[in-house]
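This report concerns only the one structure given below.
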Amino acid sequence: MSFTRIFIIITLLVCLSTANFGAKAYSGVDENDLAKFSDQQPMGADKADSQTKSLARIDLPTQRPTETKFVMGQHMRVPVKIVYNGKIFKTLFELDTGATHTVVSQEFAKKLQVQKRPFTGSGSLAGVKVSASAFKVSSIMVGPIERKDHQILILHSNQKGWSKLKGLNILGMDLLKDTPFSVDYQAGVIRWGNHPAHSTQYQIKTKAIIKDVRVLLPVDIVYKGQTFSKLFVLDTGAAQTSVTPMFARILGVTNVSQGRWVKISRIKAGPLELKDHRIAIWDAPDNLIGMDLLQYVNFTIDYQAGVIRWNL
């Protein structure tokens, strides 16, 4: 994709949530929640498909899937290797299925010694105005996935509040979509690829909707005796499940102030069901299923098949 003629679309859903799932204070949704750049045009589906088909696939092991251990703090982080200007760099990236693009922080870009790059677009990130530039790495690798000559974004801002977003490296769906992967929260690992030995475990499938390369699932919410169904983004970058103010009003919530907690009678996504669960209200583009729900179940995202497989 040309740097000079085609602007990139970012819908990075970002969580400014507390450091653990049980924390009582809620300060945001997913640290990648970047509004779409107004001066960009979406890529046509035919072009996106042709680019996907042209990517080199990696043959995964047939005996057992490749595993990558993740570090769980405020977010789920995995080791990533980048080759740039003939040098190899390794660091942790947040594995974020709510992010459309992979992003490196300004601090990591300095370590890479990235030269000044053309302006790509502007938007807002968690209420902070930001701009973006793009550059290409020789390769980027996570688990068995390797992409060569891959374009990565850098976010910039001089506004107050930017300091809380510094050091943010995000592994987005532009990399993750080409290989099925399973999140095993209890074991602390990502398992890459479909494995025949696990097929009997994944009896329950949920058809997914693809929007801006992100995965959306139907979710049922019961609030004040009424049931509501809505699409939610499956977002491993969000610590907390949240709804937009508009959907909160549909539920019948009177106070839809940003960051407010709402206790619902029931929430159900696929086979996963929780009762008397608290969700947050956040002014994001979409409703989000966060790790507060996803931590209770192993799930596989198969982007190419358009399904989520659940293993309770």
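The values are calculated or read from the model by the stated rules, or taken from the named source; none is laboratory data. No experiment lies behind these values; they were computed from the predicted model shown. Glycine gets a Cβ as well: all are built from the backbone with ideal geometry, and neighbour counts include every protein chain shown. Just the protein is used for accessible areas: all its heavy atoms, side chains included, with ligands, DNA and RNA removed. Shrake-Rupley method; radii C 1.70, N 1.55, O 1.52, S 1.80 Å.
With respect to Gln41, determine if the residue is at pLDDT 50 or above, out of contact with any Lys or Arg (no Cβ under 8 Å at 6 or more places or on another chain), open to solvent by 70 Å² or more (accessible area, probe 1.4 Å) and more than 30 Å from Asp184 (Cβ to Cβ). So that I can check it myself, show each step before the final result.
Values: at pLDDT 50 or above: no; out of contact with any Lys or Arg (no Cβ under 8 Å at 6 or more places or on another chain): yes; open to solvent by 70 Å² or more (accessible area, probe 1.4 Å): yes; more than 30 Å from Asp184 (Cβ to Cβ): yes.
No; evaluated as a whole, the condition is false for this residue.
Residue pairs whose Cβ atoms lie under 9 Å apart, sitting 6 or more positions apart in sequence or on different chains, and linking a residue in the stretch 234-249 that is on the phi > 0 side of the Ramachandran plot to a partner that is open to solvent by 10 Å² or more (accessible area, probe 1.4 Å), do not occur here.
Look through the stretch 224-233, keep the residues that are touching a residue at least 12 places away in the same chain (Cβ under 8 Å) and more than 19 Å from the chain's Cα centre (by Cα), and return whichever of them is surrounded by the most Cβ atoms within 10 Å (Cβ to Cβ). Reasoning before the result, please.
Looking only at the stretch 224-233, we keep the residues that are touching a residue at least 12 places away in the same chain (Cβ under 8 Å), and these are 224-226, 228, 230-233.
Those left that are additionally more than 19 Å from the chain's Cα centre (by Cα): 224-226, 228.
Numbers: Lys224: 9, Gly225: 7, Gln226: 11, Phe228: 15.
Per the stated criteria, the residue is Phe228.
Being at pLDDT 90 or above, open to solvent by 20 Å² or more (accessible area, probe 1.4 Å) and closer than 13 Å to Asp302 by Cβ is a property that Pro218 lacks. Which numbered condition trips up Leu274, out of (1) among the aliphatic types (A, V, I, L, M); (2) over 20 Å from Asp184 (Cα atoms); (3) free of Cβ contacts under 8 Å to residues at least 40 places away in the same chain? Here Leu274 clears every test but (2).
Going residue by residue through the stretch 241-248, is there one that turns out to be in contact with a helix residue (DSSP H, G or I) (Cβ under 9 Å, 6 or more places away or on another chain), surrounded by 19 or more Cβ atoms within 10 Å (Cβ to Cβ) and in a strand (DSSP E or B)? Spell out the reasoning first.
To start, the set of residues in the stretch 241-248 that are in contact with a helix residue (DSSP H, G or I) (Cβ under 9 Å, 6 or more places away or on another chain) comprises 241, 243.
Narrowing further to those that are surrounded by 19 or more Cβ atoms within 10 Å (Cβ to Cβ): 241, 243.
Add one more test, that the residue is in a strand (DSSP E or B), and what stays is 243.
So far as the stretch 241-248 goes, yes, one or more of its residues are in contact with a helix residue (DSSP H, G or I) (Cβ under 9 Å, 6 or more places away or on another chain), surrounded by 19 or more Cβ atoms within 10 Å (Cβ to Cβ) and in a strand (DSSP E or B).
State whether the residues of the stretch 283-292 include one that is out of contact with any strand residue (DSSP E or B) (no Cβ under 7 Å at 6 or more places or on another chain), open to solvent by 30 Å² or more (accessible area, probe 1.4 Å), assigned to a loop (DSSP other than H, G, I, E, B) and over 20 Å from Tyr185 (Cβ atoms). The answer is yes, given that some residue of the stretch 283-292 is out of contact with any strand residue (DSSP E or B) (no Cβ under 7 Å at 6 or more places or on another chain), open to solvent by 30 Å² or more (accessible area, probe 1.4 Å), assigned to a loop (DSSP other than H, G, I, E, B) and over 20 Å from Tyr185 (Cβ atoms). Candidates Ile301, Ile264, Ile221: the one that is under 28 Å from Asp174 (Cα atoms), touching a residue at least 40 places away in the same chain (Cβ under 8 Å) and in a strand (DSSP E or B) is Ile301. Just one of the listed residues (Lys116, Lys110, Lys129) is open to solvent by 40 Å² or more (accessible area, probe 1.4 Å) and either at pLDDT 90 or above or β-branched (Val, Ile, Thr) (or both), namely Lys110.
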